[in-house]
Structure formats: C-alpha cells, structure tokens
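The next block holds one structure in the form of structure tokens; read it before the comments.
All of the numbers you see were taken from the coordinates with simple rules; none came from a lab. What you see is a predicted model; the values in this text were computed from it and never measured. With ideal geometry, Cβ positions are generated from the backbone for all residues, glycine too; neighbour counts draw on all protein chains shown.
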Amino acid sequence: MNQPLTHISLLNEVQQKAVTAEPSHLLILAGAGSGKTRVLVHRIAWLLQYGNITPFNILAVTFTNKAANEMRERLNKLVTIPTSNMWVGTFHGIAHRLLRIHWNEAGLSQNFQIIDSEDQKRLIKKIHKTLNLDDKKWPVENSQWFINNKKDEGLRPDKINSGGDLITATLLKVYTAYTAECKRNSLLDFAELLLCSYELMHNCPELLVSYQQRFQHILIDEFQDTNKIQYLWIHLLASGGSSHLTIVGDDDQSIYGWRGAKVENMQRIKTDFPDIKVICLEQNYRSSGNILSAASSVIANNCNRWNKTLWTTKEPGELINLYVAINEIDEAKFVVKQIHKYLHTGIAPNDIAILYRSNAQSRVFEEELLKEGIPYTIYGGYRFFERAEIKDTLAYLRLLVNPNDDASFERIINFPARGIGDVTLSLIREKARADNISLWYATQSVISEQKLSSRMTEILHSFIELIKNLAIEIADMPLDKQINQVLYRSGLYNHFKDDNTTKGDIRTENLEELINAARQFVLDTTESPPLINAFLARVALESDAVGSKEAKNTVQIMTLHSAKGLEFPILFLVGMEMGLFPHHSSLNNPSALEEERRLCYVGITRAMSKLFLSCAQVRRLRGIESYCMPSKFLREIPPHLLNTLSQITTIYPEKRSVSVWENNKTASTTKIKIADATDSQWKIGQKVSHPKFGTGIILEINGKGDNAKIKIKFEQWGIKLLVAMYANLR
DNA sequence: GACGCTCTCATTTTT
DNA sequence: TGAGAGCGTC
C-alpha cells in the first residue's frame, strides 16, 4: 500500500513537489532528461493512492503510441490496482475512442474508417481530377497541407473566407469537395479525428459535462507539441470546475511546428488558467556534463526561449567525438566500426542508437550493419502497414465493412487484374457522380442498366458477387481466418505468390505476417468481436505497433523526431551538414531554423555517456553528389568539448556545391578562383579567412586550377579539424 | 486492357 | 535515386 511512497523518496525535492502537489492546475516545465515521464507516472500513482479517485477518473494523453505504452507499463509496475479502465493514449487514439462510442451524436456512420496521409493524398488527387485542376499547377501536396492546416486550426470550409484570392478560393473549393467526399464515404483523416471529437464535445453539452465530471485529472505530456484544436479540446474538457490539469512540456523540445504545433500554447494556458501552478524541473539525470554543456550551448543560440537552465551533478565525462567523413559511405563505415568495437566490450546493442534527420539517410547504415552482421531495428521509414500489398488487403477488408468506401473500391476494383480498365471505370465514376452514390452502388446500377458489353458486365458482376459472398463467408470467422479467406478468394495471395522474384517473396511473407498480426491482435485486444473495425483502426493509428518484429536487443536506428523521449548510453548523431541538418528548407527561415536547432538539442540530449557527431564532406543524395559544409550547429558547440577523430581532410574545389548550400542561390559573388591556388598569392603557411569558418592557415596545396586541393587549418575548429573550403577565401 | 519502356521531377519530420 | 506519368506495343 505504501509502495508509491517508498518510490517517491527516490525522487528529488522538486520532483516530489510536482508529484504531490495539491489538486490544482499544474504546469511542469521539464527540461530534457529531468525525469518528466517518471514524475508523470508517479503523479498518477500518488493521485490514485491519496487523491480519493479511481483509474476511471484519469485521462492521460501522450504524443506518440510509444510514449503511451511506456507510461502504462511503468504505471503498472508502480500500482497494484488494475488500471485498464484508465484512459491512456495519444490525442488521436483518445479522439477515436470517443467517436467510436458516440458516433451517433457526432453525426458519423457507425462503421466509419480512418485514412492515413497516403489515402488522403489519393483522395485529394481524385478530387483535383474532377475539379479539372492541373496537378502541375496545383500540387496535391499543397491542397493536402491546406486542408490539414485548416482542420488543425478548427476551421471548416464554411468558416474560411478566400477574400477573392484565386489561390485560396481554389484550395477552398478542393477542401469543400474533399469534405463532401469523406462524408459520403464515411472516411476520417487524422486531423478530422481531432476536429470531430472537439465538435462533439462542443455541440453536446450534456456529454461534455459527463466527461468533465469523469476526468477529474487530465494529464498531458509533450504539451509544447499540441496544436490549436488539441488545445481547445483540452481547454473544453478541463473547464468543468471539477477537473485538474497536469501539463508537462519543454519549449526547447518543440519540434512539430511544421505540423501546426504551437509552443505559444504553453503561454496561453497560463492566461486561460490563471491559478495554474508552475514547477520547473531543471536537474538533468541523463547526460554527462560535457554532453549537457554542448546541448546548452547549441540551444542558447535560439532567441525565443523561456528561461530555464539545466544542470547536473554528473562528472563532465568524455569529450564529444566529431568525425568528418569523406562521404556518406565513409561515415557509415566509421559509425559501424565504432559500434563493432563497443559490442566487443560487452555493451548491449540496444544501448546504441544512430539518429539522422531524414529517413533517406538510413540505407547506408543498414547496408554496413548488415555487412558486419550487427542486428538492428529501424523505426519509421517504410512502415509495415504502409506497404502496397498490405494496403491492398486492407482495402478489401474496408470495402467489406463499408461498401461506400470509394478509395478502397478504386484500389482493388482491378487488382489483381480482372480486365476492368479506365474506360469502364470512368463510366462507373460518371454514374456515381450523376446519381450521387458510391462507386459500389454505381457499379450495380451500371450492371442492371446493361450499359456495357456482356463480357464487361459479367466481369463486374463477378466482382460484386465476390465481395458479397466474402462478406457472408467470413461473418463468423475469427479475424485472422477472415483475412486469410480474403487473401485467397480475392486472388491477392496467388498474385504475389506467382511473382517469383525476391520482391514477390517478401510480399507473400508480409501477407503472412499480416495474418500473424491479426492473430496476435485477437489475443491482445479487449474489444469484443467483430474485430475488423477495431483492427483497421489500430492499423491506421498505430501503423508501426502491430506487425513490426520485436525490437529485441538490437542497435536502434531512427530519425531525430522519433527519438524524442528516448535515451541511449551511446549515441551517433549523423549527417551534421548544412542543407541536411539544418534542413535545406529552413535555411532562409529564422523560425524554421530555430526549430531545427531545437531538434538538434533534442538529439544531443538523448545521449547519456558517449556522443558521436559526424558529417560528410561529399554526400550522394538522390543520385547526385554534392559537396557539403559542416552544420552550423557543430560550430555552436564550444571547441574544447570536441574531440575530432578525422584525419586532416581535403575538400575538392567544386563550384556547384557552393551554389547548392549557400542560401539556395547561385553564389557567384562568393566563389573564389582556386585557379589561383598555385599563384604566388596562395602560399603554404599563409593566413586565410572565411566568412563562416573564421581564420586559418593553409597547410598544403595540391594541383592546379579547378583540380587544386587545399588543406587549411581553421583556428576555430581546434587543432585537428581542418575544413578546407572552396569558397570566399580572402 | 496489360505491360514495359523512357522520361521527368522532386525531394523532411508523424498521428 | 526512385516513384509516377506518358507513351507505344502486344
């Protein structure tokens, strides 16, 4: 019974204060590595023990599924009472849960389906076609961005005024048509889940009150990453008078601005709930002194910050290693060699992680790890449930659940190939539009009206029959058998089985894995059958949770974004180059650059004792070799914290590279003539300066003209790191 | 209508 | 580099 108490004694004074704070609104500013998850979990345990409430009265919202699972796991270790009726989940997960329960009040159909961004894109593309919009002039991505943005802001099409602006007016037209299409097909995208559940609460006062009374404690993690609609949703739920907020956030770790997250929410909550109590967690338990100093130095370059200083009682520890690689392959080889060494000293693989800015960078590392036989787990990138063959199968399932799902219909009407081509499909689409019915019913109209050749009518008829019969056949089967049946009857399984290439093998394997995932889902789930809907929802919302193989003791590879909330004793932060990290698109945008810097801060603070940073001088990206400058974030780390492992390096003069990375415009003014390299003007030992890299000394000059190679030692970079530049030496 | 070929084009992060 | 569109051939 006093279990939590003993645990609480292990927390520091401020943490204890946060955990045991009297029920009121609470804002915990928790720096990186200050034990915020610990505090959150302990707070829940404390409330359960002393707060005179049950798990039923608690709502805990996290940002990712990973975090939600971890929270529940840790909580179950801490408390003895069952917590299954406590709501823990992501914003999207909780919103979905509400909508499944109250679909009627929300004005949805009972079997509504969730679509992911790829499905959404396909749908918008289709709408562009019907609106006669040229995809070149009107990129689908723009429309998608516009729609999601407006939804994140809580704006429906009728609330938007284009103000006579053609671009906005057109996007608005797409948004309107898209909304109608989703409605007719009973499809909800990610943003819609949030908006819809907000509107549900907003429009049903009695429902709102019942939830306000139920959730006496609402705990929100990663608050800095909430967007407007999420904020409004929280605000609504917490405004009942009987509920108390516990909010945890760190403005320095806000990295989802590009997705509509508003750091300002952290300020706003103080205005909206003036009695909110603020507690700062500033002691870092995770990283060594040097790593923490480096992180602090980097983030200090951001202007818009709250005052918060992390400190630690830990020893400085080792220096931060910096490796300047020749190219991305050399970089990967270096990293893998280091990993190899550590594994030999008995370090567990899952204590090591490689983090990068973009998924495209993962390939080289995978290849090298594979070569060395080092087990690894890769997060993100190609997710299991985003693979084509899986989506094909799911499309059959979705059509079975909801015949009005046009997106799924289009996906599978002719897959595997049945001889239904564009001409036939256009006719069906035309019919659907004219009668305002779904493609499924339009097809049946077309059949009965005998508008097509008898052969085509027969083909369409047998497709309709296939789906109808399948629905009957699988009605009483367990979920995994249902999927199995769909795979065989649709011909999907044989289609991939007949493909004797490796690709085909992988695909059939994936299909079998899908059946396994379904079997596992049946075992794990607490829902009652029929389970198809629950399974489809889970798949859409947690696309990497099911089906991905267990990440048992392997080296962890992932993007910086997905590393948020994690920690690793040994960490490699790779691809530290201008244009890659900070990303190209942020170079001309100060606020985007600050977000990149926060991302860098998040990255560095993931490391516990050993941190390796690396950059490549030449990088092959999308088939083109580019010459790179080291990331400006590297220069924001005090040189005395760095241990440079690279040999003296040489960068080849290449004009193109200058224009690639320098402000994205041709840098004719900053280009120098390396042709001068052997002129008397340039001598070994001569002092040179560069606007970005400061002063240095020429060590070596090789070759002539455009082929000349210069080695320069820059003061700012310490004794070993030498970055010879090909631009603007004066 | 299916399939294979060439050409073009855009490149971030995730629920 | 690799996905998608467009085009020509079977």
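The long axis of helix A:228-238 is offset from the longest Cα principal axis of chain A by roughly 70 degrees. The alpha carbons of region A:113-185 give a radius of gyration and a Dmax of 11.5, 35 Å, in that order.
Using every pair of distinct Cα positions in region A:257-329, the Kirkwood expression returns a hydrodynamic radius of 15.8 angstrom. Every Cα-Cα pair of region A:225-304 was included, and the share exceeding 17 Å stands at 58 percent. Only beta bridges with both residues in chain A are counted; by DSSP, about 30 percent of them are antiparallel. 3J(HN,Hα) along region A:79-94: 10, 9, 7, x, 10, 5, 9, 8, 8, 10, x, 7, 3, 5, x, 5 Hz, from the Karplus curve 6.51 cos²θ - 1.76 cosθ + 1.60 with θ = phi - 60°, whole Hz, x for Gly and Pro.
Over all distinct Cα-Cα pairs of chain A, the Kirkwood formula returns a hydrodynamic radius of 28.7 Å. Projecting the Cα atoms of A:Leu11, A:Ile557, A:Leu237 onto the dipole axis of chain A, where Lys and Arg carry +1 and Asp and Glu carry -1 at the beta carbon, places A:Ile557 farthest toward the positive end. Taking other Cβ atoms within 10 Å as a rough exposure proxy, A:Trp103, A:Trp87 sort from fewest to most as A:Trp103, A:Trp87.
What number comes out for the charge environment of A:Ser109, summing +1 per Lys or Arg and -1 per Asp or Glu over other residues with Cβ under 11 Å away?
+1
Distances between placed amide hydrogens fall under 5 Å for A:Ala261 paired with no residue 5 or more residues away or on another chain. Take the Cα coordinates of region A:406-536, assign each an equal point scatterer, and use the Debye formula without solvent to give log10 I(q)/I(0) at q = 0.14 Å⁻¹. Cα-only, vacuum Debye calculation for region A:406-536: -0.76. Rounded to the nearest 500, the helix-only mean residue ellipticity at 222 nm of chain A stands at -14000 deg cm²/dmol, with each DSSP H run of n ≥ 4 adding -39,500 (n - 2.57).
Near A:Glu70, once Lys and Arg are set to +1 and Asp and Glu to -1 for all other residues with Cβ below 13 Å from its Cβ, the sum equals +3. Against the empirical 2.2 N^0.38 Å (N residues), region A:513-634 has a Cα radius of gyration ratio of 1.44.
Charged neighbours of A:Asp135, selected by a Cβ distance under 12 Å, balance to +4 (K, R count +1; D, E count -1). When the label point is put 7 Å from the Cα of A:Arg74 along its Cα-to-beta-carbon vector, which residues of region A:27-61 have a backbone N closer than 14 Å? Of the residues in region A:27-61, A:30-46, A:61 have backbone N under 14 Å from the label point off A:Arg74.
Each Lys and Arg contributes +1 and each Asp and Glu -1, all at the Cβ; summed about the Cα centre of chain A, the dipole is approximately 1560 debye.
Taking neighbour Cβ counts within 10 Å as the exposure measure, how do A:Cys204, A:Cys600 sort from fewest upward? Mind showing how you got there, number by number?
Details: A:Cys204 15, A:Cys600 29.
By the 10 Å Cβ count, ascending: A:Cys204, A:Cys600.
Look at where the Cα atoms of region A:352-402 and of region A:262-302 average out, and the two centres are 33 Å apart. Fewest-first ordering of A:Thr457, A:Thr83 by other beta carbons within 10 Å of each residue's beta carbon gives A:Thr457, A:Thr83. Give the angle, between 0 and 90 degrees and rounded to the nearest 10, that separates the Cα long axis of helix A:532-541 from the longest principal axis of the Cα atoms of chain A. Computed tilt is about 20 degrees.
Annotation: amide H of A:Gln617 within the under-5 Å range of A:Ala325, A:Ile326, A:Asn327, sequence separation 5 or more or interchain, hydrogens built in the peptide plane.
Amide H contacts of A:Asn643: A:Ile320, A:Asn321, A:Leu322, each under 5 Å away and 5 or more positions distant or on a separate chain (H built 1.01 Å from N in the peptide plane; Pro and chain starts excluded). On C-alpha positions alone, give me the angle between the axis of helix A:590-604 and the longest principal axis of chain A, in degrees, nearest 10. That works out to roughly 80 degrees.
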